[in-house]
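Chemist: This is the structure, below, for whatever I ask next.
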Amino acid sequence: MAKVKTTFYCQKCGAQYSKWQGKCNSCGDWNTIVEELVQKADPKDWKTSAKKEAKKASKPLLIAEIDNTPQNRMNTGNNELDRVLGGGLVPGSLTLLGGEPGIGKSTLLLQISLGLKYRVLYVSGEESQQQIKMRAERINPNPANCFILTETKTQNIFRQVEEVEPEVVIIDSIQTLHSDYIESSPGSISQIRECTAELIKFAKESNTPVLLIGHITKEGSIAGPKVLEHMVDTVLQFEGDRNHVYRILRAHKNRFGSTHELGIYEMQGSGLREVTNPSEILISKNEEDLSGTAIASTLEGMRPLMIEIQALVSTAVYGTPQRSTTGYNAKRLNMLLAVLEKRAGFRLGAKDVFLNVTGGITVDDPAIDLAVIAAILSSNEDISLEKDSCFAAEVGLAGEIRPVTRVEQRILEAEKLGFSSIMVSKQSKIPKSNFQIQIIRVARIEDVVSHLFG
Ligand SMILES: [Zn+2]
């Protein structure tokens, strides 16, 4: 008979303790530590599996002996996902897809399951087979290789895996799974840890890629465990405002590729549409001239992206001026406002400033600074900017306009989309090339002001 054992886990960060305490030493939160029942498997099981393991344990090799032929990636048929993964699924890898409830994680993975040319087992602990079928029919009426299983116990899932022999396994979601080896309830840290460990073992031994869905808490961390993020190979995040039509897929961790790539989808009744030319959707097509908007030429990963910045500057109605941003770092906005005040003499200290990156995406490319400043000044002066102009430069504390990476690519994108001018730093090194677009080079914030408003 197995011995019953309990352990204390912080429900926020997953830190483990031998006895209860009020505050978690690891993440500093109070009252997050909960006792969980942990039951080890029969010792006999461990022995036999250890023996099995010893047989196929790896041996040290000389570097020259290691086979370095690139692993065959599995194409998912979804270009946006493939790009974010770094070129497709790696056999035997564990990928976690995180995101807020309702954002469309299940839709994305169901859609990919239905389109795969591999045999896929889609395991759901969230919905019934009928519900999934109804959703599947809306997305893709003729899927070929997709098996649906509603099950939450890992041991039963593995039994079905043996039957179906899938080439890809999808789990919706890790929080619903439970393993017989652990006593605590589904979604608790010890269950998530154990189930993930079992799935990793399965993935590595069978060389089958596994995709997991993980829900995210309001604070933005994957519900419960940071541990989960450490265990898996790749962490993808699916984001975007629930009220916005667009969804952004990005990698937070990727053992097999870069974390700079971005996938963009449009939510439609029939599922998620891949957005192949994101710049066009992120720029609103207003016919009238509106003050307070400016276009930035940014890069997300390897892909250039034109985004629209909207600013609203108005006299503060209440005592303390309000500063509010969507999709942009509020501290950075305050810094830029201080630069405008100190270096260009604009009195913005007593004004409300609202800033919005349209499309519901979050940008951390410093090259949008100049567009932010242009939008703020345009709103403050109530003078609209030229509609077919755009910006790509960072703004420094001394009011200098700084060059940004891969400026040539940004200029090319602006030109491709029909912009007639782009404002960049004077120090930008632009290779000699026959650009059609007018390139305005500025050195200081004063130059920007005189350029924009004469
Ligand atoms: Zn903690």
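The values are calculated or read from the model by the stated rules, or taken from the named source; none is laboratory data. Treat the numbers as computed from the prediction; the structure is a model and nothing was measured. Glycine gets a Cβ as well: all are built from the backbone with ideal geometry, and neighbour counts include every protein chain shown.
Chemist: Within segment 87-97, work out how many residues are at positive phi and at pLDDT 90 or above.
Modeler: The total comes to 2.
Chemist: Sticking with this one: Out of curiosity, is residue 136 part of a helix (DSSP H, G or I) and either under 17 Å from residue 78 (Cβ atoms) or small (Gly, Ala, Ser) (or both)?
Modeler: Considered against the rule, which asks whether it is part of a helix (DSSP H, G or I) and either under 17 Å from residue 78 (Cβ atoms) or small (Gly, Ala, Ser) (or both), residue 136 comes out as yes.
Chemist: Now, a different point. Residue by residue through segment 327-368, note down the ones that are more than 26 Å from residue 265 (Cα to Cα) and assigned to a strand (DSSP E or B).
Modeler: Of everything in segment 327-368, those that are more than 26 Å from residue 265 (Cα to Cα) and assigned to a strand (DSSP E or B) turn out to be 351, 352, 353, 354.
Chemist: Looking only at segment 248-289, which residues are more than 18 Å from the chain's Cα centre (by Cα) and among the β-branched types (Val, Ile, Thr)?
Modeler: Answer for segment 248-289, where residues must be more than 18 Å from the chain's Cα centre (by Cα) and among the β-branched types (Val, Ile, Thr): 281, 283.
One line per residue, one yes/no per condition, for (1) away from the ligand (no atom under 16 Å from the Cβ); (2) modelled with pLDDT of 70 or more; (3) part of a loop (DSSP other than H, G, I, E, B):
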| position | (1), (2), (3) |
| --- | --- |
| 2 | yes, no, yes |
| 8 | no, yes, no |
| 12 | no, yes, yes |
| 21 | no, yes, yes |
| 38 | yes, yes, no |
| 50 | yes, no, no |
| 54 | yes, no, no |
| 60 | yes, yes, yes |
| 71 | yes, no, yes |
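Chemist: Could you check segment 215-252 and list, in sequence order, the residues that are of a type in the set (Gly, Ala, Ser) and modelled with pLDDT under 85?
Modeler: Matches in segment 215-252: 220, 221, 223, 224, 240.
Chemist: Another question, if that's okay. Tell me which residues, restricted to segment 357-374, are in contact (Cβ under 8 Å) with a residue 40 or more places away in the chain and out of contact with any Leu (no Cβ under 8 Å at 6 or more places or on another chain).
Modeler: 357, 360, 362, 363, 368, 370, 371
Chemist: Identify, by number, the condition in (1) at pLDDT 80 or above; (2) out of contact with any strand residue (DSSP E or B) (no Cβ under 8 Å at 6 or more places or on another chain) that residue 255 doesn't meet.
Modeler: (2)
Chemist: Which residue out of 31, 78 is modelled with pLDDT of 85 or more, out of contact with any Ser or Thr (no Cβ under 7 Å at 6 or more places or on another chain) and over 27 Å from residue 204 (Cβ atoms)? Before you say what the answer is, go through the steps one by one.
Modeler: Details: 78 fails: over 27 Å from residue 204 (Cβ atoms).
Criteria check complete, one pass: 31.
Chemist: Kindly indicate whether any position in segment 170-181 is assigned to a helix (DSSP H, G or I), farther than 16 Å from residue 96 by Cα and of a type outside the set (Lys, Arg).
Modeler: Checking segment 170-181: not a single residue is assigned to a helix (DSSP H, G or I), farther than 16 Å from residue 96 by Cα and of a type outside the set (Lys, Arg).
Chemist: OK, next. Sort out which residues of segment 138-181 are surrounded by fewer than 13 Cβ atoms within 10 Å (Cβ to Cβ) and either without any contact (Cβ under 8 Å) to a residue 24 or more places away in the chain or touching a Cys at 6+ places or on another chain (Cβ under 7 Å) (or both), and write them in order of number.
Modeler: 141, 142, 159, 162, 163 - these are the residues of segment 138-181 that are surrounded by fewer than 13 Cβ atoms within 10 Å (Cβ to Cβ) and either without any contact (Cβ under 8 Å) to a residue 24 or more places away in the chain or touching a Cys at 6+ places or on another chain (Cβ under 7 Å) (or both).
Chemist: Whether any residue in segment 288-305 is of a type in the set (A, V, I, L, M), surrounded by 18 or more Cβ atoms within 10 Å (Cβ to Cβ) and farther than 24 Å from residue 237 by Cβ is what I want to check.
Modeler: yes
Chemist: Quick test of your reading of the structure: residue 393 fulfils all but one of (1) closer than 23 Å to residue 322 by Cβ; (2) buried (at least 23 other Cβ atoms within 10 Å of the Cβ); (3) in contact with a helix residue (DSSP H, G or I) (Cβ under 6 Å, 6 or more places away or on another chain). Name the failing condition by number.
Modeler: Condition not satisfied by residue 393: (1).
Chemist: Starting from segment 14-35, keep only residues that are at negative phi and aliphatic (A, V, I, L, M), then list their pairs with residues that are part of a strand (DSSP E or B) and more than 10 Å from the ligand (Cβ to nearest atom) whose Cβ atoms are within a distance under 8 Å, requiring at least 6 positions of separation or different chains.
Modeler: Close Cβ pairs (under 8 Å, with a partner that is part of a strand (DSSP E or B) and more than 10 Å from the ligand (Cβ to nearest atom)) amount to 33/8; 34/8.
Chemist: Next up: Of everything in segment 290-315, what is over 29 Å from the mean Cα position of the chain (by Cα) and not in a strand (DSSP E or B)? Give them in sequence order. Explain how you work it out, then say what you get.
Modeler: To start, the set of residues in segment 290-315 that are over 29 Å from the mean Cα position of the chain (by Cα) comprises 290-291, 313-315.
Result: 290, 291.
Chemist: Looking at segment 98-107, is at least one residue part of a loop (DSSP other than H, G, I, E, B), within 21 Å of residue 178 (Cα to Cα) and either modelled with pLDDT of 90 or more or over 22 Å from the mean Cα position of the chain (by Cα) (or both)?
Modeler: Taking every residue of segment 98-107 in turn, none turns out to be part of a loop (DSSP other than H, G, I, E, B), within 21 Å of residue 178 (Cα to Cα) and either modelled with pLDDT of 90 or more or over 22 Å from the mean Cα position of the chain (by Cα) (or both).
Chemist: OK, next. Somewhere in segment 110-120, is a residue part of a loop (DSSP other than H, G, I, E, B) and either among the polar types (S, T, N, Q) or closer than 25 Å to residue 216 by Cα (or both)? Reasoning before the result, please.
Modeler: Within segment 110-120, the subset part of a loop (DSSP other than H, G, I, E, B) is 116-119.
When the remaining residues are screened for being either among the polar types (S, T, N, Q) or closer than 25 Å to residue 216 by Cα (or both), the result is none.
No, that holds for no residue.
Chemist: When the residues of segment 410-426 are filtered to those that are of a type outside the set (A, V, I, L, M) and surrounded by 15 or more Cβ atoms within 10 Å (Cβ to Cβ), which remaining residue is farthest from the chain's Cα centre (by Cα)?
Modeler: 426
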